[in-house]
Every structure is written in C-alpha cells, then in structure tokens.
Amino acid sequence: MAEGTFGSPEVVEEEVDILLIGGGMACCGAAYEAMHYIEASGADISIKMVDKAAVDRSGAVAQGLSAINTYIGGEQDPADYARMVSNDLMGITRDDLAYDVGRHVDDSVYLFEEWGLPIWKQPGDEGKSLKEGGMPVRSGKWQIMINGESYKWIVAEAAKKAMGSERIQERVFIVKLINDKNDPSRIAGAIGFSTRDHKVYVYKFKACLLAAGGCVNIFRPRSVGEGTGRAWYPVWNSGSTYSMAAEAGAELTMMENRFVPARFKDGYGPVGAWFLLFKAQATNAFGEVYMQKNKELLNDYPPYGQAAVPASCLRNHLMMKEMKEGRGPIYMDTPTALQKLAETMTPKEIKHLEAEAWEDFLDMCIGQAGVWAGENIEPEKTPSELMPTEPYLLGSHSGCCGIWVSGPTDVGAPESWSWGYRSMTTIKGLFTAGDGVGASGHKFSSGSHAEGRICARSMVKYVMDNKDLAPEFDTPVSELVEEIYTPVRTFLEHKDYSTAIDVNPNYITPRMLQFRLQKIMDEYVAGVATLYQTNEKMLEVAEHKLGMLKEDAKKMRAKDLHELLRAWENYHRILTAEAHMKHIQFREESRYPGFYYRMDKNFVDEENWKCFVNSTYDKKTQEWKCFKVEHVDIVDKTQLMKK
Ligand code: SFD
Ligand code: AMP
C-alpha cells in the first residue's frame, strides 16, 4: 500500500483477539493482568493496546496525583465501602459492583508500591510495605497519601513491561466500534486514525475493553479567554467511552449523573487533601462555615444528608446557598488550618508542612501552584477562593454515569444484573472499566486499575470460550474510512472559496462547533450560567438546539490531523451531551442537589425515582430510549453512616 497523504490515508487492517481502547488506569490494569492470564492459560491469545495519547502521561493521572482515594486497608471492609459509595451517590448505585471493586482494590495498591510508587507511612513503618502490614498515612477514611508526581509513569511502565512495546500503539484515536455482521449485539472491531501519520487503523477482534475515560468540555468551562484549556478533569477525555458504546448498542445507565467538584478557583486544584489531611474548613466571605450554618438543609434529604459525611452534591448544595444569597466568595481557610497544625510542630516541621501544601498541587495540578505563585498567595497567610466548577461526566470519581455492565455472581445481586462475563456490557465481547462503568463511582485511580484487572480475566475467559468465533464487520471498511475522513474532504473541497481560512459558508471549524455545544449545555442543561438550574422547558430548547448542532456537525472541517481529532472528539461529546440531557429530562426529580436542579421537580422522590435510569441509542434513527430499572440494596444500609 502506498504511503498515505492528507486526503488519502493509508488503511492498515489488523486482527487480534483482545483490543484495549485507552491507556489510562483501567487499561493499564487490564494490560498487566491479561498477560498473566494469557501466559497461565497457555493459549495463543493476541492482545493490543491503543491510546490516543502517550501511555506514560495519558488520561486523568497524566499530571500525577497526591493521594490514592480508594484503599480499604484493615480498618474497614468492602461492604463499608459499598455503603459509602451508595450514600455519596444518593442511594442509587450497584452494590455488587462497588463491593467487587472493594475486595480487589488493595491488590492494585500493593502493586503500585511494588512498582516504586512512594506511599506515605506512619512514623516507624517507613520501611514496611502496605502488604507487609505497614500503616499508611490516611488523609481520610478511604484515602492514603502518596508522592505521586510520577504515578502514571509507574503504572504505565508496568503495563508496558507486561505487554511489550510492540503491542502498544500510541497516538491513534478510535472513532467507532464496528458491530458483527451476523449478530448485531456482538462487537467485531474498531476503527480510528493516527494523529501523526496519514493512516487509518482498522482492528478486528473477539473482545475489547473500551476504557477511554469520562467526558470533559461539554459544558462551557469557567476558564475562558486566557484561561481556556484549563479544566479539572482531563481535557483529552471527550466522551469516547459513552458515545462509542451507545452507538454500538450498549445500554447506558445513570447518564443524568454528573460531578460538579468544588475546586480552588481558576487553577481547579482538588480540595480533598485540604479538607481531610490539613483539616481546613470552607467559609463564606464573612468567615462563616457553611457546613454548620446551613446544616438544616440536609434534613430535606434523608438519609443521605444525615450521614457522618454528607453526600458530595449536598456539600455543594450548602455552599451554593451562600453564593446565591450573595455571601460569596467562598474560601478555603488555609491559614487557620496550617496554624492549628503548626501549634505542636517544630519550625523545621512547619517548613515541611508548608512544602506539603505546595506539593499537593505540584504533584497533581500544577496550574493551581501557578495561580498561587502568580497571585502572590501564600497558603499559610492567605485563604484561597473555592468555586463549584463546570460539570464533568465520569463514572470513577465522585460521579456514576456510564455503561450498564454484568456484575459478579457471588454477592446476591439480582440475576438480571449478571449475564456471564463480569464487566461485559450488553453487547457481546464489549467490556468496560473505570470511568466507563456506570452506577458505581468512587473507584478513583486505584479502583479503576482494579476494575481493569477484573476485565482482563473476563476477557481472556470470553476469548477462550469463543475460540471459533470469526468476527465479520457489518459495514465495509471503505465506507467507514470515507466517513472518518469527511471533515478532511469538506475542507479540501471548499478551502479556496474564501480568503480567510476560518470563514467559509461551507464548513464550521471544530473549535466554533465546540463553543456552540458548550453554550447550549451551559445555558439550558444546568451549567454554571444558570447556577446548575434547568427545567422541562429549558430541556426542550436544548433538545431542539442539540438536534440542529448534530446536523451542523456533519459540516465540520479538518484542515490538518489535529483538527480531525478535534472534530471527532466533538462528535463524541455531542452524543454524550445528548445522553446527559435526555436522562435529566426523563428523571422527574432533582436527585443530585448541588450538582444540578430541575427547578420544576426540585426534590428527591424516593418513592418513584429510587431506581436506575438506563438508556439505549439507535444509531440508524438517532433516537434515545430511556427507561427505569429497579434498584436493589444488596449491602444492608440500615446501619448506615454514623460510624
Ligand atoms: O484529587 C482514548 N483522580 C483521583 N484518583 C485518586 O485515586 N486520587 C486522587 O487524588 C484523584 N484526584 C484526581 C483524579 C483525576 C484528576 C484529573 C485530578 C485529580 C486532577 C481520578 C482518577 O485519575 C480516575 O478515576 C482514573 O484515572 C480513571 O481511570 P480510567 O482508566 O477510566 O480513565 P483515564 O485514566 O483518564 O484513561 C483514559 C484513557 O483513554 C484514552 N482515550 N484512546 C483511544 N481512543 C480514544 N477515542 C480515546 N479517548 C480517550 C486516554 O488517552 C487515556 O489513556 S482528586 O481530584 O481526588
Ligand atoms: P477531591 O479532592 O474533592 O477530589 O476529593 C478527594 C477525596 O476526598 C474523595 O474521596 C472525596 O470524596 C473526599 N473528600 C473531599 N472533600 C471532602 C469533605 N469535605 N469531606 C469528606 N471527604 C471529602
């Protein structure tokens, strides 16, 4: 085949047994574990990993992290963990999935330490690994502190060593999954393009792990103008997981859920270490602690408001009252927290403490340290502003949107929650993990890795059970290539119509289209513009405008490979945004006050809506179907919370 050109890419076709889409925490976990199982099985199973970026620094952990947020340890058990997850997500989670993560997650943390990740230890236990019984420094009940600037590098290295570099393909963006010609409910392949060379890659496989992270940048971000590009969650994760799964016919769940993190303003610095490790308090502009001042608001939301730690959305809800009633800005009172801790410290220890305050951000969110430096903020002297950010869609952090997957069979879950292979979606051969799995949040980095490992086992078993399977594509490759390169053709065909390359009646730039998507979501689907409020009528407008945006999206141009990437990211974002909007429309209550409010149904309705909302998408008719699925508590919640 001749070398590709911009208008005419080379098409590379490959066949493997298992494809891992994504190179983040979940896929790195899967890569490591799969190689063990493949070797142990003695079977000849081929596997490949494909990431749109470079695995060493891709995904949410790209900048590093300063805590591992899920480590069970000896003090509590997986059932406690499932209780916490459920409470934080207002009661609607899959206990079977959370419990399963809970009983596997510590093994991932042991591996991280074995691979060289420095984990803080209690005095006297410095030389002892967690596995040997070393006691970690816990910031909170579930979280442990790490020196994690190189966290992703370390986890990626283990995946690379296990797989071998020849099985890892970087800088290939997967655009579409391909269903099987003989069974539309089975997956047969995926297609994507290189973001460096003029090549389209087509993979045929028996099983696939789709773990391409959550969705960022569907809402207009708070950071605009000179701040554009800053976000809390990784900007590269653009809803590929949810949109590609939906187009393949997989059932989604809880797509109405979102995460609106309270963050240090402008730099998006996470707050966990400040609340939990440094014991700081957040206040309104007058120094009043809103968690105390407004605590009666929690009585509107039993039992989730009554827990020892009220749900994350409710903590936002209490903060937003102050903002709405004009008592902002909101501050993290860093000086008081550091002064209190310093009371019993030597000057050297105080210096160390102040260094840790900076390192928290230098390890995980460098931009926030930049904001501090740029604004002359010394955290021991100056409080920092907090702000609820624009919404993010994710299934692994403090949110739970995602794909409906098959759960474990040994924990007493309803039979309908399990269809044979753990972590398989409702499409045969298509698995997911991490941000991809719906209705089970709070897995974080470690739980996502563990879930990837769980998937690896299932996928190897699936491939071995389906040795004779011969996948066939339901669409000719030439048609798919043509579709993927449409933005390039549009550009080449029309570029000379005008003298300004960005101004042309025949096409729209991906950048402009993204602004339109963000404006629609921000103004009608409960973004920051309306303080996270929407209603039935606003959603109707959003529905109409998103429909028109979908039409115009076909006119996106790509003047180079970078824009081709941006165009398809936008396509994934639009479908994800549409799913989010449809689910909010369907759920006639406000399940997550502080994350979003349907002002026409501004209450939690336990009687009618303590259920999952699932959906399917028909890519031919472009229609969504939302429906209720019964929720069942598997872990006893009556003894919830106060402990
Ligand atoms: O401070 C395609 N997270 C935290 N977890 C913790 O354990 N501790 C913390 O301290 C955490 N905090 C935190 C966290 C994240 C971020 C961004 C910040 C702070 C600033 C959460 C975890 O990082 C998160 O839960 C996991 O990483 C989720 O894992 P996973 O595998 O589901 O997603 P990923 O790691 O982002 O990887 C996605 C991969 O997909 C690739 N990709 N590849 C091919 N084709 C496509 N179309 C693709 N689209 C995406 C990506 O390149 C990437 O490799 S704190 O806030 O609490
Ligand atoms: P964050 O930095 O907000 O992403 O949070 C990191 C971890 O700390 C997550 O497990 C959160 O659930 C937890 N967390 C953050 N803020 C609080 C808080 N005020 N109280 C209890 N847990 C918190």
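The values are calculated or read from the model by the stated rules, or taken from the named source; none is laboratory data. In this text, all values refer to a predicted model and were calculated from it rather than measured experimentally. All Cβ positions, even for glycine, are placed from backbone atoms using ideal geometry, and neighbour counts span all protein chains on display. Surface accessibility is based on the protein's heavy atoms, side chains included, excluding ligands, DNA and RNA. Shrake-Rupley method; radii C 1.70, N 1.55, O 1.52, S 1.80 Å.
At-a-glance table
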item: Qualifying position, being out of contact with any strand residue (DSSP E or B) (no Cβ under 8 Å at 6 or more places or on another chain) and among the hydroxyl-bearing types (Ser, Thr, Tyr), among Thr334, Thr346; result: Thr346
item: Pairs, first farther than 18 Å from Met581 by Cα and outside the structural domain of Glu563 (by TED's automatic domain parsing) in the stretch 498-523, second among the hydrophobic types (A, V, I, L, M, F, W, C) and loosely packed, with under 13 Cβ neighbours inside 10 Å, C-beta under 9 Å, six or more apart; result: none
item: Residue in the stretch 86-96 that is within 16 Å of ligand 2 (Cβ to nearest atom), in contact with a Cys (Cβ under 9 Å, 6 or more places away or on another chain), modelled with pLDDT of 95 or more and assigned to a helix (DSSP H, G or I) present; result: yes
item: Of all residues in the stretch 378-402 being of a type in the set (Asp, Glu) and assigned to a loop (DSSP other than H, G, I, E, B), the one that is nearest to His580 (Cα to Cα); result: Glu390
item: Extreme residue, surrounded by the most Cβ atoms within 10 Å (Cβ to Cβ), among residues of the stretch 243-264 that are under 27 Å from Ala54 (Cβ atoms) and within 11 Å of ligand 1 (Cβ to nearest atom); result: Ser243
item: Residues of the stretch 318-365 that turn out to be outside any helix (DSSP H, G or I), open to solvent by less than 70 Å² (accessible area, probe 1.4 Å) and not aromatic (Phe, Trp, Tyr), as a count; result: 12
item: Test: Ala285 is in contact with a Lys or Arg (Cβ under 6 Å, 6 or more places away or on another chain), assigned to a loop (DSSP other than H, G, I, E, B) and within 30 Å of Glu226 (Cα to Cα); result: yes
item: All positions within the stretch 424-476 that are outside any helix (DSSP H, G or I), surrounded by fewer than 24 Cβ atoms within 10 Å (Cβ to Cβ) and among the charged types (D, E, K, R); result: Lys428, Lys467, Asp468, Glu472, Asp474
item: Members of the stretch 12-24 that are outside any loop (DSSP other than H, G, I, E, B) and out of contact with any helix residue (DSSP H, G or I) (no Cβ under 6 Å at 6 or more places or on another chain); result: Val12, Glu13, Glu14, Glu15, Leu19, Ile21
item: So Thr490, is it farther than 20 Å from Ile178 by Cβ and part of a helix (DSSP H, G or I); result: yes
item: Selection status of Met387, within 15 Å of ligand 2 (Cβ to nearest atom) and surrounded by fewer than 24 Cβ atoms within 10 Å (Cβ to Cβ); result: yes
item: Residues located in the stretch 62-71, provided they are open to solvent by less than 20 Å² (accessible area, probe 1.4 Å) and more than 13 Å from ligand 2 (Cβ to nearest atom); result: Ala62, Gly64
item: Number of positions in the stretch 276-292 that are within 16 Å of ligand 1 (Cβ to nearest atom) and more than 24 Å from Glu325 (Cα to Cα); result: 3
item: Single residue of Ile584, Ile508, Ile520, Ile501 found to be within 20 Å of the chain's Cα centre (by Cα) and among the β-branched types (Val, Ile, Thr); result: Ile584
item: Pair list, Cβ < 7 Å and 6+ apart or interchain, from the stretch 9-33 residues that are within 16 Å of ligand 2 (Cβ to nearest atom) to residues that are not in a loop (DSSP other than H, G, I, E, B); result: Met25/Val155; Met25/Gly434; Met25/Ser445; Met25/Ser448; Met25/His449; Met25/Gly452
item: Flag if Ala285 is aliphatic (A, V, I, L, M), at pLDDT 95 or above, surrounded by fewer than 21 Cβ atoms within 10 Å (Cβ to Cβ) and more than 9 Å from ligand 2 (Cβ to nearest atom); result: yes
item: Conditions (1) in a helix (DSSP H, G or I); (2) open to solvent by 60 Å² or more (accessible area, probe 1.4 Å); number of the one not met by Asp410; result: (1)
item: Candidate set: the stretch 43-59, residues that are within 13 Å of ligand 1 (Cβ to nearest atom) and in contact with a helix residue (DSSP H, G or I) (Cβ under 7 Å, 6 or more places away or on another chain); chosen: the one most open to solvent (accessible area, probe 1.4 Å); result: Arg57
item: Among (1) modelled with pLDDT under 95; (2) within 16 Å of ligand 2 (Cβ to nearest atom), the one test that Gly420 misses; result: (2)
item: One residue from Ser165, Ser185 being among the polar types (S, T, N, Q), at pLDDT below 95 and more than 19 Å from Leu513 (Cβ to Cβ); result: Ser165
item: Evaluation of His580 against (1) in a loop (DSSP other than H, G, I, E, B); (2) open to solvent by less than 40 Å² (accessible area, probe 1.4 Å); (3) touching a Pro at 6+ places or on another chain (Cβ under 9 Å); (4) under 28 Å from Ala413 (Cβ atoms) (one fails), failing number; result: (1)
item: Set Gly272, Gly267: member being open to solvent by less than 30 Å² (accessible area, probe 1.4 Å), in contact (Cβ under 8 Å) with a residue 12 or more places away in the chain and within 16 Å of ligand 1 (Cβ to nearest atom); result: Gly267
item: Residue within the stretch 147-157 that is away from ligand 2 (no atom under 16 Å from the Cβ) and either in a strand (DSSP E or B) or in contact with a Cys (Cβ under 7 Å, 6 or more places away or on another chain) (or both) present; result: yes
item: Selection within the stretch 586-608 - open to solvent by 10 Å² or more (accessible area, probe 1.4 Å) and in contact with a strand residue (DSSP E or B) (Cβ under 8 Å, 6 or more places away or on another chain); result: Phe586, Glu588, Met599
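For every residue, the table says whether it meets (1) open to solvent by 10 Å² or more (accessible area, probe 1.4 Å); (2) of a type outside the set (Phe, Trp, Tyr); (3) in contact with an Asp or Glu (Cβ under 7 Å, 6 or more places away or on another chain).
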{"position": "Val85", "(1), (2), (3)": "no, yes, no"}
{"position": "Asp88", "(1), (2), (3)": "yes, yes, no"}
{"position": "Glu114", "(1), (2), (3)": "yes, yes, no"}
{"position": "Pro118", "(1), (2), (3)": "yes, yes, no"}
{"position": "Trp142", "(1), (2), (3)": "yes, no, no"}
{"position": "Ala156", "(1), (2), (3)": "no, yes, yes"}
